[in-house]
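**Student:** So that we are looking at the same thing, I have put the structure below in structure tokens.
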Amino acid sequence: MDPATFAAEVRRLTQQISDSVSIEHRLQQEIDQGLALAATGRGFPPGHGDAQWLLSRRKEDTQKLRNACDRMVQRRQQAVNERLLELLRRRVPKDVAACEILVRLEFDVDGAQ
């Protein structure tokens with residue numbers, strides 16, 4: 001992905017997250033007002049249950065957007081890491097090979113060496 005497309009996508013996701021969080025806050029305020037009204041003994045206002053349902057859906061949507069943004073950033077970081085590793089392999093192949101062996105040993109979950 002070229003840098004301009006990446007930046008545009010991250011901006012888009014960030015704006016969507018911001019919008020989603022704003023909606024969450026408005027729904028939470030509506031729910032809090034309904035709870036305060038119910039605490040006075042006048043019962044819940046119409047649509048209180050719907051607002052609670054909408055808030056839970058909005059929170060799920062916000063988390064999905066955050067996850068999508070995180071994946072974008074992780075893919076970018078992975079691409080940078082792969083390019084750096086390739087550059088290092090060309091410049092100092094013995095050092096990279098030794099480092100890769102140490103990392104394999106360090107993170108060997110089967111215990112085989």
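Residue-wise test of (1) surrounded by fewer than 11 Cβ atoms within 10 Å (Cβ to Cβ); (2) closer than 24 Å to Ala7 by Cα.
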site: Arg58; (1), (2): no, no
site: Arg66; (1), (2): no, yes
site: Ala79; (1), (2): no, yes
site: Leu87; (1), (2): no, no
site: Lys94; (1), (2): yes, no
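**Student:** Does at least one position in region 81-90 carry a residue that is under 30 Å from Glu24 (Cβ atoms), without any contact (Cβ under 8 Å) to a residue 12 or more places away in the chain and of a type outside the set (Lys, Arg)?
**Tutor:** no
Residue-by-condition table, conditions (1) part of a helix (DSSP H, G or I); (2) loosely packed, with under 13 Cβ neighbours inside 10 Å:
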site	(1), (2)
Leu27	yes, no
Pro46	no, yes
Asp50	yes, yes
Arg71	yes, yes
Arg104	yes, yes
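**Student:** Can you tell me which of (1) over 30 Å from Gln74 (Cα atoms); (2) among the small types (Gly, Ala, Ser); (3) surrounded by 12 or more Cβ atoms within 10 Å (Cβ to Cβ) is the one Ala39 doesn't meet?
**Tutor:** For Ala39, the failing item is (3).
**Student:** Continuing with the same structure: Which residue pairs have Cβ atoms under 9 Å apart, sit 6 or more places apart or on different chains, and have a first residue in region 95-113 that is under 22 Å from Leu84 (Cβ atoms) and at pLDDT 90 or above and a second that is in a helix (DSSP H, G or I) and of a type outside the set (A, V, I, L, M, F, W, C)?
**Tutor:** That search, which allows pairs on different chains as well, returns Val96/Arg89; Ala97/Arg89.
The values are calculated or read from the model by the stated rules, or taken from the named source; none is laboratory data. Worth saying up front: this structure is predicted, and the values here are computed from it rather than measured. When we count neighbours, we look across all protein chains shown, and the Cβ atoms used for this are built from the backbone with ideal geometry, even at glycine.
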